[in-house]
Amino acid sequence: MAARSVTLGIDLGTTSVKAALVEAAPGDPSGFVVLASCARPARAEAAAQSAAAGPQGQEQDVHRIIQALNECLAALPREQLRKVCGIGVSGQMHGVMFWKTGQGCEWTEGGTAPLFEPRAVSHLVTWQDGRCGSGFLASLPQPESHLSVATGFGCATIFWLLKNSPEFLKSYDAAGTISDYVVAMLCGLPRPLMSDQNAASWGYFNTRSQSWNLDILRGSGFPVHLLPDTAEPGSVAGRTSHAWFEIPKGMKVGVALGDLQASVYSCMAQRTDAVLNISTSVQLAASMPSGFQPVPTPDPAAPVAYFPYFDRTYLAVAASLNGGNVLATFVHMLVQWMADLGLEVEESAVYSRMIQAAAQQRDTCLTITPTVLGERHLPDQLASVTRISSSDLSLGHVTRALCRGIVQNLHSMLPFQQLKEWGVERVIGSGSALSRNEVLKQEVQRAFPFPVSFGQDVDAAVGAALLMLQRNLNKKES
């Protein structure tokens, strides 16, 4: 009897949570059909941030993230959820949250369906967290890894907490990214399990030996018991320990993936494709040839990093901190200005109006460098506006220049000529900020010397589901 072939993919992003149900295409072992998908805003910024972290802290309320996840599951067709035989999970990388083993969640019937709710958990300290300044990072031991350590990386955050809030760490005995937490809760894992994709995003992980820098970390007093066990991306972390909504108990759950890798997996049809993801932040990724190994020592000033992908291969990635969040900052500024003038306006209305205005303004001489958050390789860089003239001050001019600046900033990190030298022949655009912004799409098409096609907003969720479908559900049940 043929096994059911529907998989659920989940993506726990910075600003939204997405879910997708994927099924194998009839008669095409490599094809797939998205049966249904759903997205919900996370609205998870913690009301009370850590006082010790100061204004640079960026924390999210895990309860709100899981609430958005539950809303996504509740919105999917119940008859399709009953057919799910595997779950793939991806999510925002670099961040860290903590929980108590055995007390991380509580399963409830939740009215119409069984679900879990967080219990003994901390806030999620996200990749946007800025508490680890340049001086603090310089005081940390040098990692034995090809990737450097930056603020917002899990191990850097734990080092900071060890120094500034040691009592806080004593309250917990498990840690992971938000997606590692969800996998651990679904499977009832006694210890969290982490893919090398997420482990590398924390820092102090050697992708060649597939191991944490335990000696280096222990030598600095790091609480190594908080480091998760690691596994190959694409492997099975466990099985659902409870029925979840309409999904039966005992279904396979994959080890959590990085959202970038999951998005690339769903989009990259050929090795000659590059994937541009513009969501809260921006990533431009190209596949490195099989057998490629990055230089073993980190270069914090390098704008391109090499992220582990699948099957011990790597993606060359220009990862900018400035993407959809810059547009959101601009919208918030406009709304605040209006409030200061005694006028009230909804942010959603401002966003749609400014995109309309920029769509009608096809070009501008105004130049905006949008790096309000700096970059990991240039942490002290700020934004700037130049070539200002009285004729370029309309909302359309400024919005057009801001969208262009986001793309040009990426070009400065990874020149498109380099993509050509790597054999790239096409660019596939994805991500929430890109999918709903026609002006940003126009600027991407203008900038790249390749054909550009655009994917969907749920690419990472689809990628997580697709990996489960192709890697695990085609195997015979053990």
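The values are calculated or read from the model by the stated rules, or taken from the named source; none is laboratory data. Here the structure is a predicted model, which is why all the values come from computation and not from measurement. We place every Cβ from the backbone using ideal geometry, glycine too, and count neighbours over all the protein chains shown. Ligands, DNA and RNA are excluded from the accessible area calculation, which covers all protein heavy atoms including side chains. Shrake-Rupley method; radii C 1.70, N 1.55, O 1.52, S 1.80 Å.
Ignoring ligands, DNA and RNA, what accessible area per residue does segment 331-438 give at 1.4 Å, in Å²?
Accessible area per residue: 55 Å².
Between segment 195-228 and segment 15-64, how far is it from one alpha carbon centroid to the other, in angstrom?
Here the answer is 25 Å between Cα centres.
In whole angstrom, note down how far apart the Cα centers of segment 376-445 and segment 237-278 are.
With segment 376-445 and segment 237-278 each reduced to a Cα centre, they are spaced 28 Å.
Return the loop-located trypsin sites (Lys or Arg not before Pro) in segment 382-425 (DSSP other than H, G, I, E, B) with at most 13 other Cβ atoms within 10 Å of their own Cβ; answer none if there are none. Don't jump to the answer; show the numbers that get you there.
On the way: sites: R387, R400, R404, K420; in loops: R387.
Passing both the DSSP loop test and the Cβ count: R387.
With all distinct Cα pairs included, what does the Kirkwood hydrodynamic radius of segment 1-87 come out to in Å, to one decimal, could you say?
14.8 Å
What figure in square angstrom, to the nearest 10, would you give for the accessible area of M288 with a 1.4 Å probe?
Here the residue's solvent-accessible area equals roughly 10 Å².
Could you state how much accessible area R64 has, in square angstrom rounded to the nearest 10, with a 1.4 Å probe and all protein chains kept in place?
For R64, solvent-accessible area is about 100 Å².
On a C-alpha basis, how far is the centre of segment 133-187 from the centre of segment 75-101 in Å? Whole number, if you could?
Taking the Cα centre of segment 75-101 as reference, the centre of segment 133-187 is 23 Å away.
Could you list, bin by bin from short to long, the percent of Cα-Cα pairs of the chain in 10 Å steps?
4, 20, 31, 27, 14, 3, 0, 0
Filter the trypsin sites (Lys or Arg not before Pro) in segment 180-273 down to the DSSP loop ones having no more than 16 other Cβ atoms within 10 Å, then list what survives.
Loop-located and lightly packed - R208, K249, R271.
On a 1.4 Å probe surface of the protein chains, which of F310, F454 comes out largest in accessible area, and what is the full order?
Numbers: F310 5, F454 65 Å².
Final ranking, largest accessible area leading: F454, F310.
Heavy atoms only, probe 1.4 angstrom, no DNA, RNA or ligands counted: give me D215, D61 ranked by accessible area, highest first.
Numbers: D215 130, D61 35 Å².
Greatest to least solvent exposure: D215, D61.
Looking at the square roots a ≥ b ≥ c of the eigenvalues of the Cα gyration tensor of segment 148-198, which shape do they give, rounded for a/c under 1.5, prolate if a/b is larger than b/c, or oblate?
oblate
Of the cross-linked pairs K100/K252; K18/K249; K170/K252, which ones have a Cα-Cα span greater than 29 Å in the structure shown?
K170/K252
What does the charge add up to near Q142, with Lys and Arg as +1, Asp and Glu as -1, over the other residues with Cβ less than 14 Å from its Cβ?
So the surrounding residues net to -3.
Could you report the accessible area of I368 in Å², rounded to 10, computed with a 1.4 Å probe on the protein chains as they sit in the structure?
20 Å²
Once amide H atoms are built 1.01 Å from N in the peptide plane, which residues 5 or more positions from T101, or in another chain, come under 5 Å H to H?
D173, A174
Working with all protein chains in place, sort K163, K83 by solvent-accessible area computed with a 1.4 Å probe, largest first.
If we order K163, K83 from most to least accessible, we get K163, K83.
Counting helices only, and only those DSSP H runs with n ≥ 4, report the 222 nm mean residue ellipticity of the chain as the sum of -39,500 (n - 2.57) divided by its residues, in deg cm²/dmol to the nearest 500.
Only helices count here, giving -9000 deg cm²/dmol.
Going by a ≥ b ≥ c, the root eigenvalues of the Cα gyration tensor, does segment 52-105 fall in the rounded group (a/c under 1.5), the prolate group (a/b larger than b/c) or the oblate group? Before the final figure, lay out each step's value.
Working: a/c = 2.53, a/b = 2.13, b/c = 1.19.
The shape class here is prolate.
Take the alpha carbon gyration tensor of segment 271-455, find the square roots of its eigenvalues, order them as a ≥ b ≥ c, and report rounded if a/c is under 1.5; if not, report prolate when a/b exceeds b/c, else oblate.
Judged from the Cα gyration tensor, segment 271-455 comes out prolate (a/c at least 1.5, a/b above b/c).
Could you tell me what percent of the accessible area of the chain is made up of carbon and sulfur, with a 1.4 Å probe and every protein chain present?
Using a 1.4 Å probe with all protein chains present, the chain comes out at 52 percent carbon and sulfur.
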